[in-house]
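Here's the structure, in structure tokens; my notes come after.
The values are calculated or read from the model by the stated rules, or taken from the named source; none is laboratory data. From a predicted model like this one, the values you see are computed outputs, not experimental measurements. All Cβ positions, glycine included, derive from the backbone under ideal geometry; neighbour counts span all protein chains shown.
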């Protein structure tokens, strides 16, 4: 088993494609902004993780059908929609 870990450490970077830092940074920014906006709007985010990945339910009455999200960009967009609806009233 140690041999596998050793080979994985050495060959892993060569076999796996490099991660795009621009996408990673954008995801982190979206997550930060979404959590901050959710707190401002007093909207509960239910984040769940399973074997496939993670999901988030945006619990706001203003949006119907678009509450289920699989990326922080989607969560942020849903929250911006809620903010626009609340500001229009």
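Among the listed residues 74, 62, which satisfies the condition of being at pLDDT 85 or above, surrounded by 10 or more Cβ atoms within 10 Å (Cβ to Cβ) and assigned to a loop (DSSP other than H, G, I, E, B)?
Among 74, 62, only 62 is at pLDDT 85 or above, surrounded by 10 or more Cβ atoms within 10 Å (Cβ to Cβ) and assigned to a loop (DSSP other than H, G, I, E, B).
To keep it simple, each residue is scored yes or no on (1) over 14 Å from the mean Cα position of the chain (by Cα); (2) in contact (Cβ under 8 Å) with a residue 60 or more places away in the chain; (3) within 19 Å of residue 29 (Cα to Cα).
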position: 40; (1), (2), (3): yes, no, yes
position: 45; (1), (2), (3): no, no, yes
position: 61; (1), (2), (3): yes, no, no
position: 70; (1), (2), (3): no, no, yes
position: 73; (1), (2), (3): no, no, yes
position: 80; (1), (2), (3): yes, no, yes
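Is there a residue being surrounded by 12 or more Cβ atoms within 10 Å (Cβ to Cβ), touching a helix residue (DSSP H, G or I) at 6+ places or on another chain (Cβ under 8 Å) and at pLDDT below 90 anywhere in the stretch 10-30?
Yes, the conditions are met somewhere in the stretch 10-30.
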